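So the structure is just underneath, and the comments pick up after that.
The values are calculated or read from the model by the stated rules, or taken from the named source; none is laboratory data. Source: prediction; values computed, not measured.
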Amino acid sequence: MAALRKPDFSSDYYYPQAQPNEVVNQPNIVQRSPVQPAKLVKSKTFPKSQALPKNLKTLCLIQKSSFCLAIATMTASISLYVSTVKIPQQWSQEYQHLEDLQQQERQLVAVNETIKYQIAQEAGKNKSLSISKPESAIFINPAQVKPRNPADLQQTQSKIAELKYNSLGY
């Protein structure tokens, strides 16, 4: 440290000097003198604000209208995007689904016709299968229906009415 140079300025320069309005940390002792009259301080009143100048009103109107125009432009651009991009995408997806369903329908019709053809071929080969004749038809008499007792009918209807009007649900 002996190699360091000593500063060439006086050390008095760095000592803090007393300031004229220096605040000293001492308790403030307030003493009122009864003789002094109280001074009334009046604040300066500012002139009442008048209506805004026309130039400023015009600028405010331009700002509001440009904001509305920006919102309208954004709405229009979003709707244009939806109409030009999203709707055709959805339409192409639904059209692809329709084509798949039509292809499945054609396959089912082809399988159905193949099965019908196979049944017809087997019927032609088998001689035991024949067209039925009206003389070979069997007719069965219908079973007799027993009428219900009126008392049973009234009990059933009263139970239905009770359920309908006494239920706590809908």
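Things worth noting here:
- Considering the conditions (1) at pLDDT 90 or above; (2) assigned to a loop (DSSP other than H, G, I, E, B); (3) of a type in the set (Val, Ile, Thr), residue 78 is excluded by exactly one of them, (2).
- Lone unmet requirement of (1) part of a helix (DSSP H, G or I); (2) over 25 Å from the mean Cα position of the chain (by Cα) for residue 51: (1)
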